[in-house]
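Computed from the coordinates by the stated procedures, all read-outs in this text should not be read as laboratory data. This structure is a prediction, so every number in the text was calculated from the model and none was measured.
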Amino acid sequence: MEYATELEATISDMVQKGRGILAADESSPTIAKRFKAIDVESTEAHRRAWRSLLVTTEGLGEYISGIILFEETLGQNTDDGKTIPEAAWAQKIVPGIKVDKGKIPLALSPGDLITQGLDGLAERLRAYKQQGARFAKWREVYSIDKHAPSLHGIEANAEMLARYAAVCQSEGLVPIVEPEVLMDGDHDIDRHAQVSEAVQHAVFHALHRHHVALELMILKPNMVLPGKDCRRAEPDEIAAATLKTLRRTVPAAVPSINFLSGGQDPEEATANLNALNRQGQNAPWRLSISYGRALQQTALQAWKGKPENVPAAQRALRERARMNHLAMLGEYRPDMETAA
Ligand code: 13P
């Protein structure tokens, strides 16, 4: 592979004990929704201010090894004139970029979704690389219903992820492969496990067909959980179901599994990660995070769009990142939250 050395260097900068990835790649409608919750209008200036705040948080690099950015952010500057990717790398946080163009219904397949954005992807990746991106992210989404996702929906989504990952590796960017089985619905944990297993199985089969080097990618899956409208489950049950599913499907060659938070509340997401690391001590992959909401939520609440709140928001972000760092080591306890 032409860029093997470069890809290996990126993996070694990103996959490290006690460090995880911050997902700050919300699309325009999603960031508008997050800002609306704190009464802030989604203007270019506010988005720049927020994402600058994230990457300039002092000490964040101790716990965070990568940040996923949205296209617009790659070209924005912090107040001291660095580009946002440069500011991230100044604290050894590898900058990356979300490259998919979002989901649409899969035609003629009610209940299934599919993600767009493959056309022209290689050219776009070359331009993002010029702007400092060293990895990419692509998300496929599976919604659980009585008859969904269908077998053929699962196959179609796997094919997209594999084609994306192959293009990334051929251009020298590490692919984050994100198949997300949503937690919306009243299904139980067994149903979530069954769908997640079928999804991961299809994804790795497709990655193999498309010659993707598993050592040079990162998997970003959902945890296996009961649906939002079902009962709650304890971290140990979630960790056991998640590890069982991943052990059945994810080859040992994959260096790191970085979970999405998917709408779990921040403390719950940290407690679940901790249980995963305690039960998964002998797992072949690193068990880390690529959280969006679960890392940003408390900081957003502290910020509220006001410059005078920047230090408090940065403290909140650093603290959330530190709690997750402890969870990656299996050393987190919920009572540390109140102590902090
Ligand atoms: P959440 O952790 O908020 O689910 O976001 C992660 C992400 O990047 C989804 O694509």
Which value, in nm² and rounded to one decimal, describes the direction-averaged projected area of the C-alpha convex hull of region 43-120?
7.2
Take the Cα radius of gyration of region 1-132 and divide it by 2.2 N^0.38 Å, with N its residue count; two decimals is plenty.
1.17
Tell me, rounded to the nearest percent, the portion of alpha carbon pairs in the chain spaced more than 33 Å apart.
21
In whole angstrom, and with the biggest value first, how far do the Cα coordinates of region 1-70 range along each principal axis?
45, 29, 17
Set 33/103; 101/129; 98/244; 129/244; 101/244; 146/228, cut-off 27 Å on Cα-Cα distance; pairs above it are 98/244; 129/244; 101/244
Radius of gyration and maximum dimension Dmax of region 106-245, Cα, Å:
15.9, 47
So if I take the centroid of the Cα atoms in region 166-202 and the same for region 46-106, what is the distance between those two points in Å?
24
Of 136, 158, 283, the one that fluctuates the most in a GNM where the chain has Cα springs shorter than 10 Å:
283
Which whole-percent values make up P(r) of region 47-92 when all C-alpha to C-alpha distances are grouped in 5 Å steps starting at zero?
5, 25, 40, 22, 9, 0
Here the Cα Rg-to-2.2 N^0.38 Å ratio for region 112-191 is 1.28
Along the principal axes of its C-alpha atoms, what lengths does region 205-325 span, in descending order and rounded to whole Å?
51, 35, 26
Top mean-square fluctuation among 37, 241, 206, Gaussian network model of the chain, C-alpha springs under 10 Å?
37
